Structures are given as structure tokens and as C-alpha cells.
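The values are calculated or read from the model by the stated rules, or taken from the named source; none is laboratory data. The structure displayed is predicted, hence computed values, not measured ones. Every residue, glycine as well, gets a Cβ built from its backbone with ideal geometry; the counts of neighbours run over all protein chains shown. Ligands, DNA and RNA are excluded from the accessible area calculation, which covers all protein heavy atoms including side chains. Shrake-Rupley method; radii C 1.70, N 1.55, O 1.52, S 1.80 Å.
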Amino acid sequence: FWLKPGDSSFRRPAAQLAMVVSGRNARRPAKAAPKKNTKTDDTVEADFQVDENARNAGKVDYFDKRRGFGFIVPDVAGLVPGDKLMVHWREISTSDKWPFLNSGIEVEFSVKKILVRQGKKALLRAGNVTLPGGAAIALQEEIEDKKEFIGGKDARFFGSVKWYHTTQGYGYIALEQPQDGVSEVKVHREEVAGGYAIPMHNGLRVEFGLMKNKKGNVAAYNVTMPGGGELNRDIGEARVATGGEYTGEIDWYDYRGAQGWIVPTDFEKLPKDVQESVTAQAQRRANKTGKETMETLHFRRLDMVDHTEKFVKGTKVTFTVFMSQMGAGATTVKSA
């Protein structure tokens, strides 16, 4: 279903809906001047030859710990175009709670080819990154030994999340018992036990350590559930599964952004609370963009049964749905 900006109704009669869809082109505004594209295209041709089984040596040029990616310079020039290969945190073989690399360290890796743009292009990425010889990378303990902790490294405290921005990767926790005059502390995503981009809803009770940075500011360290368990998306978003299994098709999927949208085959079969949430989300997008938008279900790569699957527009899928503090969404998404 398409929704127009400013439409406050949850449902629209079929006749009115047809008028909205068919009249889109007639009401299309004048096109604005195209924006200059400053993004670098790092794709290669789909038939670019790569030996994905070979192990290669190289040195880490740069790694952004908070954003979870960096670049490796292979020892052999010409192995990849530009002699730099992007590495994502998921491909780091490590015993650290938060996978990361330090600039300048020697590593071993394979080269992965990931098809994109409906198989017409490909991305080259580092895979299974280890120390030379295949040992897992372990850097966390050395860094933690240099930090100053309140009450010691093993001291644990309790508090509730005031707010946390998953995309930006930081937020604040209110302590149940203030320490050294501190009643709330900042938390960064690399200190959230459970992996990258784990959300934490307002009011979520957590356990953590406290550390000081060079300026003396106190921040949360190794944030877990009370008792030490890792957080996950279901806990962090307060997800509640509802309904059964449904069918639909991919409206779009952004492999790099690790998220996408599904058009349900039969919207009316979804649970009522899911319908209302999806419609409200669509209406907010329409109001924000000033464009008509469809009632679609959002999902992330972590909601896919096979995280490596590369959906394209129109792919038939099955999925289940949930309600959370962020609204409705789809999970257990897989090709039909």
C-alpha cells in the first residue's frame, strides 16, 4: 500500500489507493539538479579472478575500532586493485570480546569476492584475518592493562540505560549507586558485550565496570546483562515474537548497509499491532520525505537466516514478525 505525506488514516479504500498510485507520475515535482557523486567506486568486474583459498600476508594500514572496519596492505603488490583491501570486524579471528586491529601489525588473510549489483560487479574484502601462521588475534588484554578502573578491573556495578543510539554507537547509563560523585556514565558500542550494533532500549537494566580515560572522565566498561550474560538484539530491543510465518518479496536490500525492506504478500494477514506499526512507520517516512511510500517491513542482516545471502529486488522470501520498542520488524528472513 502507498501512503501520501500527511495521510493520517491507517487504511485506504482500494479505489482511492489506485488513484494515488496511478497519479504518481502526473504529480511528480520538477527534478532538482543532480548532486555530484563524491563516493569512490571500489567495485571490480564480476569476472575478476581471485583465489579465495590462498592465504596472503600483509600489514594493517588503518582500523577504525568504533566503526568496525579498516584496510590491509598486502605484501604482494598487485594482489588487489589499489594495493589496499578493506577488512570488516566480522572477518577477524580473535579471542577479544570486541574484534579490532592495530595499525602496523602483521596479519594473514584470504581475499573474498562478493557479488553486488545483481551480479554485475564485485567487492573484494579480506577474509579470516589472523596472525601470521593462523593464530587468533588477541589485543584486548594488553590495552585493558593500561586502563584505570574504579574499584579494580573486576569490580561490577548496576544501572539502567538512559538512552542509547545504536547507529552512532554511544549512549548513557544511570548508576543505581553513584560512585565517586558520578551518577551517570557514557557507554560506547565497543564496550557492549554481544557484538557490533547491539541496541539497548531505554530503561534496560545492565551490569558493567567503570574506567577512567586520560582526562579523568568515567565511562562504562564491558556492559552485560545482570549476572554477566551477553546482550543480544531481542533483549536490547525488547522484541516479542508475534504471529506465524509469512511470505513477501524484497523491496530493496543494501548489502553494505546490512538492512532492507520486505513487501508482505498479504498485508491484512499480519497481526493487527504489526499492521498499525508498519503503517505508522510508512506514514512517518512519507511525511519526512514528501514522497509516497509503501507499507514495508524492515529487517537487518542479523535477521537473515543466511547472513551471506545477497537479496535483490523481487526475491521471494518467508519471514516471521515481532514487535519491539522500536516498532514492528521482520526476522528469520530467508529465500522462499
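Just a few scattered comments:
Results for (1) touching a strand residue (DSSP E or B) at 6+ places or on another chain (Cβ under 8 Å); (2) under 21 Å from F100 (Cα atoms); (3) of a type in the set (K, R); (4) open to solvent by 40 Å² or more (accessible area, probe 1.4 Å), shown as yes or no for each residue.
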{"site": "A174", "(1), (2), (3), (4)": "yes, no, no, no"}
{"site": "A193", "(1), (2), (3), (4)": "yes, yes, no, no"}
{"site": "A219", "(1), (2), (3), (4)": "yes, yes, no, no"}
{"site": "G229", "(1), (2), (3), (4)": "no, no, no, no"}
{"site": "G236", "(1), (2), (3), (4)": "no, no, no, no"}
{"site": "D266", "(1), (2), (3), (4)": "yes, no, no, yes"}
{"site": "K269", "(1), (2), (3), (4)": "yes, no, yes, yes"}
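- Output for the stretch 64-90, where each listed residue is closer than 23 Å to G171 by Cβ and buried (at least 20 other Cβ atoms within 10 Å of the Cβ): G68, W89
- Residue within the stretch 130-137 that is open to solvent by 70 Å² or more (accessible area, probe 1.4 Å), more than 23 Å from N213 (Cα to Cα) and either at pLDDT 90 or above or within 25 Å of the chain's Cα centre (by Cα) (or both) present: yes
- For the stretch 291-310, the criterion of being farther than 18 Å from V240 by Cβ and touching a Gly at 6+ places or on another chain (Cβ under 8 Å) is satisfied by no residue at all.
- Taken over the stretch 126-163, the criterion of being in contact (Cβ under 8 Å) with a residue 40 or more places away in the chain, touching a helix residue (DSSP H, G or I) at 6+ places or on another chain (Cβ under 8 Å) and outside any loop (DSSP other than H, G, I, E, B) is satisfied by A126, G127, V129.
- Of the strands (runs of 3 or more DSSP E) lying entirely inside the stretch 43-89, the ones with 1 or more residues being within 26 Å of the chain's Cα centre (by Cα), closer than 20 Å to Y255 by Cβ and modelled with pLDDT of 95 or more are found at 69-74, 85-88.
- In the stretch 61-88, the residues that are farther than 28 Å from E190 by Cβ reach residues that are open to solvent by 70 Å² or more (accessible area, probe 1.4 Å) with C-beta atoms within less than 8 angstrom, at least six apart or across chains, in these pairs: D75/K59; D83/A77.
- Evaluation of P99 against (1) part of a loop (DSSP other than H, G, I, E, B); (2) open to solvent by 60 Å² or more (accessible area, probe 1.4 Å); (3) touching a strand residue (DSSP E or B) at 6+ places or on another chain (Cβ under 8 Å) (one fails), failing number: (2)
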